[in-house]
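Engineer: Before I ask anything, let me first share the structure, which is written out below as structure tokens.
The values are calculated or read from the model by the stated rules, or taken from the named source; none is laboratory data. Computed from a predicted model, the values in this text were never measured in an experiment. Cβ: placed from backbone, ideal geometry, glycine included. Neighbour counts: every protein chain shown. Just so you know, the surface numbers come from the protein's heavy atoms only, side chains and all, with ligands and any DNA or RNA stripped out. Shrake-Rupley method; radii C 1.70, N 1.55, O 1.52, S 1.80 Å.
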Amino acid sequence: MRHLIQPEDLSNQEFMDLIETASHILAHPELYKERAKGKILASLFFEPSTRTKFSFDAAMLRLGGEVIGFSDSQSTSSQKGESLADTIRIMSGFADIIAMRHPLEGASLLASKTSRVPVINGGDGGHQHPTQALTDLFTIYHYKKKLSGHKIALIGDLRYGRTVHSLIKTLARFKVDSFYLVSPEELSMPRHILDWMQANYPDIHIYVLHDMEPALRDCDILYMTRIQKERFFNEADYLKLKNSYLLDAEKMQLAKKDAILMHPLPRVNEISIDLDNDPRSVYFEQAAMGMYIRMALILKLLEECDD
Ligand code: CP
């Protein structure tokens with residue numbers, strides 16, 4: 001049985017097929033409104049979420065399916081000491097597919113071992129967020145009409161930000177030109193990911209920077225991220241770094257006219273609201289596109305189960 005725990009679980013062809021299906025759903029939603037009729041999504045969120053949880057829920061409802069689950073594990077028997085493995089074993093008897101988020105790295109992989117239905121990782125600690133990578137690739141393809149050849153700036157918390165961990169490893173597979181990795185020293189991209197890039201994609205240029213201006217001038221895709229307060233061990237370290245990168249209309253004048261500005265959201269103050277109406281800002285559209293690519297993913301995994 002197929003699960004989606006990390007982006008490597010999907011081939012390049014499958015990424016492109018999902019983007020094609022999501023584009024078709026976006027253009028013709030009425031053709032899909034009963035495609036998951038009779039199926040149930042278990043939406044199990046042990047950590048807060050707005051976009052991921054509710055876009056999964058909306059995706060299943062728009063496919064004609066139904067949703068059970070929680071966004072506060074305090075209301076479940078995990079509070080009585082039930083293990084994650086047992087919770088998943090039980091929930092997979094009630095549902096046809098599971099989307100989950102958990103604060104611990106590896107939780108979705110563990111869940112997949114006891115589940116009788118496909119498990120989709122909606123974020124595990126600071127590790128991976130594969131459906132955000134799907135959302136991001138769909139957004140880039142939608143606006144740029146290709147995935148290859150781009151110069152991409154990843155800006156902010158590259159240490160704890162799971163979205164950028166999934167995104168860099170996924171975009172690397174599509175022959176991008178370069179990554180500008182902009183972060184404070186303390187929040188730099190983990191060494192193991194840089195080593196993986198060097199070993200697998202030595203032709204992709206990697207620029208490690210602390211100043212975002214060169215990235216703003218050069219890049220086709222500007223991907224801002226939030227400093228992940230919840231992953232810090234003490235408040236003082238967070239307060240020191242929280243305003244490291246603030247992008248506003250004045251700084252955005254440096255960027256290319258045809259660049260796109262993305263953010264997985266939520267933003268705190270990394271992107272000023274004076275950029276919300278800039279035609280290059282696509283972060284709200286990006287969040288909306290997450291629902292369509294998750295519809296495509298749910299259909300794919302359910303159809304594979306039925307085969
Ligand atoms: N992008 C994202 O994962 O947002 P949520 O935390 O609101 O799900």
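Engineer: Of the conditions (1) in contact with a Ser or Thr (Cβ under 6 Å, 6 or more places away or on another chain); (2) surrounded by 14 or more Cβ atoms within 10 Å (Cβ to Cβ), HIS205 satisfies every one except a single condition; which number is it?
Structural biologist: Going through (1) in contact with a Ser or Thr (Cβ under 6 Å, 6 or more places away or on another chain); (2) surrounded by 14 or more Cβ atoms within 10 Å (Cβ to Cβ) one by one, HIS205 breaks only (2).
Engineer: Within the range 38-67, restricting attention to residues that are more than 16 Å from the ligand (Cβ to nearest atom) and assigned to a helix (DSSP H, G or I), which residue is surrounded by the fewest Cβ atoms within 10 Å (Cβ to Cβ)? If you could, list the steps in order and put the result at the bottom.
Structural biologist: To start, the set of residues in the range 38-67 that are more than 16 Å from the ligand (Cβ to nearest atom) comprises 38-40, 42, 61-66.
Adding the requirement that they be assigned to a helix (DSSP H, G or I) leaves 61-62.
Numbers: LEU61: 15, ARG62: 19.
This residue is LEU61.
Engineer: Within the set of pairs 6 or more residues apart or between chains, which connect a residue that is among the small types (Gly, Ala, Ser) inside the range 72-91 to a residue that is open to solvent by 50 Å² or more (accessible area, probe 1.4 Å) with Cβ atoms less than 8 Å apart?
Structural biologist: As it stands, the answer is SER73/GLN79; ALA85/LEU110; ALA85/LYS113, since those pairs meet every condition given.
Engineer: Looking at (1) open to solvent by 20 Å² or more (accessible area, probe 1.4 Å); (2) out of contact with any strand residue (DSSP E or B) (no Cβ under 7 Å at 6 or more places or on another chain), which one does ASP177 not meet, given that it meets all the others?
Structural biologist: The single condition ASP177 does not satisfy is (2).
Engineer: Does GLU82 count as open to solvent by 20 Å² or more (accessible area, probe 1.4 Å), more than 16 Å from the ligand (Cβ to nearest atom) and either outside any helix (DSSP H, G or I) or under 26 Å from SER166 (Cα atoms) (or both)? Give the steps one after another, and end with the answer.
Structural biologist: Numbers: open to solvent by 20 Å² or more (accessible area, probe 1.4 Å): yes; more than 16 Å from the ligand (Cβ to nearest atom): yes; either outside any helix (DSSP H, G or I) or under 26 Å from SER166 (Cα atoms) (or both): yes.
Yes, satisfied.
Engineer: Specify which of the listed residues (ASP274, ASP278) is outside the structural domain of GLY64 (by TED's automatic domain parsing), in a helix (DSSP H, G or I) and either farther than 30 Å from VAL117 by Cα or in contact with a Cys (Cβ under 6 Å, 6 or more places away or on another chain) (or both). Quick ask: steps written out before the conclusion?
Structural biologist: Details: ASP278 fails: in a helix (DSSP H, G or I).
Just a single option satisfies the conditions, and that option is ASP274.
Engineer: Restricting to the range 97-112, count the residues that are outside any loop (DSSP other than H, G, I, E, B) and away from the ligand (no atom under 13 Å from the Cβ). It would help to see each step written out before you state the result.
Structural biologist: Step one: filter the range 97-112 for residues outside any loop (DSSP other than H, G, I, E, B), giving 97-102, 107-112.
Going one step further and asking which of them are away from the ligand (no atom under 13 Å from the Cβ), we end up with 97-98, 107-112.
Count: 8.
Engineer: While we're looking at this one, here's another question. Taking the range 255-287 only, how many residues are open to solvent by 50 Å² or more (accessible area, probe 1.4 Å) and either free of Cβ contacts under 8 Å to residues at least 24 places away in the same chain or within 16 Å of the ligand (Cβ to nearest atom) (or both)? Steps first, please.
Structural biologist: Filtering the range 255-287 down to residues open to solvent by 50 Å² or more (accessible area, probe 1.4 Å) leaves 256-258, 266-269, 273-274, 277, 279, 284-285.
Narrowing the set further to residues that are either free of Cβ contacts under 8 Å to residues at least 24 places away in the same chain or within 16 Å of the ligand (Cβ to nearest atom) (or both) leaves 257, 266-268, 273, 277, 279, 284-285.
Of the residues in that region, 9 qualify.
Engineer: Give the number of residues within the range 104-120 that are touching a residue at least 60 places away in the same chain (Cβ under 8 Å) and out of contact with any Ser or Thr (no Cβ under 9 Å at 6 or more places or on another chain).
Structural biologist: 4
Engineer: Give me the pairs, please: first residue somewhere in the range 125-143 and of a type in the set (A, V, I, L, M), second residue anywhere and near the ligand (Cβ under 10 Å from one of its atoms), beta-carbon distance under 9 Å, and either six or more positions apart or on two chains.
Structural biologist: ALA133/THR163; LEU134/GLY290
Engineer: Still on this structure: Here is a check on your reading of the model: is ARG2 more than 16 Å from the ligand (Cβ to nearest atom), closer than 23 Å to ASP136 by Cα and part of a loop (DSSP other than H, G, I, E, B)?
Structural biologist: Judged against the criteria, ARG2 is a match.
Engineer: Going by the conditions given, is LEU154 touching a residue at least 60 places away in the same chain (Cβ under 8 Å), of a type outside the set (Phe, Trp, Tyr) and buried (at least 23 other Cβ atoms within 10 Å of the Cβ)?
Structural biologist: Numbers: touching a residue at least 60 places away in the same chain (Cβ under 8 Å): yes; of a type outside the set (Phe, Trp, Tyr): yes; buried (at least 23 other Cβ atoms within 10 Å of the Cβ): yes.
Taking the combined requirement at face value, the residue satisfies it.
Engineer: Further, regarding this structure: Of these, PHE94, PHE138, which one is away from the ligand (no atom under 13 Å from the Cβ), within 28 Å of ASP218 (Cβ to Cβ) and either open to solvent by less than 10 Å² (accessible area, probe 1.4 Å) or outside the structural domain of MET212 (by TED's automatic domain parsing) (or both)?
Structural biologist: One residue alone meets the criteria, PHE138.
Engineer: Is there a residue being outside the structural domain of TYR223 (by TED's automatic domain parsing), more than 16 Å from the ligand (Cβ to nearest atom), open to solvent by 20 Å² or more (accessible area, probe 1.4 Å) and not in a loop (DSSP other than H, G, I, E, B) anywhere in the range 113-124? Spell out how you get there, then give the answer.
Structural biologist: Restricting attention to the range 113-124, the residues satisfying the condition of being outside the structural domain of TYR223 (by TED's automatic domain parsing) are 113-124.
Subsequent filtering for residues that are more than 16 Å from the ligand (Cβ to nearest atom) retains 113-119.
Then drop every residue that is not open to solvent by 20 Å² or more (accessible area, probe 1.4 Å), which leaves 113-114, 116.
Right, trim to not in a loop (DSSP other than H, G, I, E, B) and you get 113-114.
Yes: the range 113-124 contains one or more residues that are outside the structural domain of TYR223 (by TED's automatic domain parsing), more than 16 Å from the ligand (Cβ to nearest atom), open to solvent by 20 Å² or more (accessible area, probe 1.4 Å) and not in a loop (DSSP other than H, G, I, E, B).
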